[in-house]
Amino acid sequence: MRFLSCVIAAVCANTVWAADLVLYTSQPNEDAQQTVDAFNKAHPDIEVEWVRDGTTKLMAKLQAELQSGVVNPDVLLIADAVTMEALKQDDRLAPYQSAEAEAYDESLYDAEGYYYGTKLITTGLVYNNRAAEQPAAWQDLTKPEYDNLIAMPSPLYSGAALITLSTLTSNPKLGWDYYQALADNHAAAQGGNGGVLKDVSAGSKAYGVIVDYLAIREAQKGAPITFVFPQEGGTAVTEPVAIMKDAKHRGAAEKFVDFLLSQDGQALVLSQGYLPAREDLGVPEGFPARDQIKLMPFDAAAALENSEADKQRFGEIFSTQ
């Protein structure tokens, strides 16, 4: 097993891949190693080489390779469906109809089989346990009591935050008026989810918008914070998996996709502390029952089409703070 950190990008770009499967992933290092180890337990004959980085940096690397006529990865496992949708529309992905998809809600995978969600990382609310209020709904953050007390990730920086923006502004009960109200309430929108966690845990901000597992894990470790699944419904990224159109190891890539979607693959997701995409498994410690977790509808193709306009409008609204 070889872990290739692509800090030295030039080295990676020129690597002659000798493995049976090459994976590009944005999973945290520990999760990625566990995923590959579990896959190898099921398929010990397939040697996997994997490259890990954040989705934005990983896609920049991939695009540079593609422009040079190089296709290194066989399979991608990255944060969000919008990025996969862009690759699909650029004719970079291969369709694959996995038999495992029968166990999934149709909203969690591309109908043509270009990409499949592997977990649900929802975005909701967090508050410091010493805060005066306990928000239960997105709309609570627009109340005067929350003025200048909110931290949130910026969709100009975070892919999950951009999906949250697309989802909330597509909701007729929230829309762009909601983001204007957040800006009017002097919500601090900058950086990613890690900054929100730091601010709310330290008490420099009383309330925040954040992904579920970060807040729930830290609360279990003793941080004085509570995560809330909003009454109107949360938003989610699905960490989709996809096969590259020019994959050199197509058969191994299909087995990797099948494994992630299988019951064993989803049990691994659960053991790692994430909400599995399959509904017939349980929930991680600290999460409510699955039937109590409500998600808003999300259209990846529409989000991709509107992404630049959404980011521009968001920047205009929050630049007036």
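The values are calculated or read from the model by the stated rules, or taken from the named source; none is laboratory data. Keep in mind the model is a prediction, meaning the values are calculated, not measured. Please note: Cβ atoms are built from the backbone with ideal geometry, for glycine as well, and neighbour counts cover all protein chains shown. Surface areas here come from the heavy atoms of the whole protein model, side chains and all, with no ligands, DNA or RNA. Shrake-Rupley method; radii C 1.70, N 1.55, O 1.52, S 1.80 Å.
At-a-glance table
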item: Filter result for Y104 (under 19 Å from the mean Cα position of the chain (by Cα), surrounded by fewer than 23 Cβ atoms within 10 Å (Cβ to Cβ) and aromatic (F, W, Y)); result: yes
item: Wholly enclosed helices (runs of 4 or more DSSP H) of segment 119-207 bearing at least 1 residues at pLDDT 95 or above and touching a Lys or Arg at 6+ places or on another chain (Cβ under 6 Å); result: 193-202
item: Matching option when the condition is over 22 Å from I78 (Cβ atoms) and not in a helix (DSSP H, G or I), among G282, G273; result: G282
item: Test: residue in segment 174-186 that is of a type outside the set (A, V, I, L, M, F, W, C) and under 28 Å from P284 (Cβ atoms); result: no
item: Cross-chain or 6+ apart pairs with Cβ under 8 Å, segment 218-230 first and open to solvent by less than 40 Å² (accessible area, probe 1.4 Å) and in a strand (DSSP E or B), then of a type in the set (G, A, S) and modelled with pLDDT of 95 or more; result: I225/S201; I225/A215; I225/A219; F227/G124; F227/A215; F227/A219; V228/G124; V228/A136
item: From the options A267, A252, A215, residue that is under 21 Å from the mean Cα position of the chain (by Cα), farther than 25 Å from S166 by Cβ and assigned to a helix (DSSP H, G or I); result: A267
item: Where a residue in segment 93-105 is aliphatic (A, V, I, L, M) and at pLDDT 95 or above and its partner, wherever it lies, is open to solvent by less than 60 Å² (accessible area, probe 1.4 Å) and assigned to a loop (DSSP other than H, G, I, E, B), with Cβ under 7 Å and at least six apart; result: L93/Y114; L93/Y115; A94/A247
item: Single match in Y157, Y213 (criterion: farther than 17 Å from G315 by Cβ, surrounded by fewer than 22 Cβ atoms within 10 Å (Cβ to Cβ) and aromatic (F, W, Y)); result: Y213
item: Condition check for G315: under 18 Å from the mean Cα position of the chain (by Cα) and not aliphatic (A, V, I, L, M); result: no
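Conditions tested, residue by residue: (1) open to solvent by less than 20 Å² (accessible area, probe 1.4 Å); (2) free of Cβ contacts under 8 Å to residues at least 40 places away in the same chain.
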position: G113; (1), (2): yes, yes
position: N129; (1), (2): no, no
position: P135; (1), (2): yes, no
position: L149; (1), (2): no, no
position: P153; (1), (2): yes, no
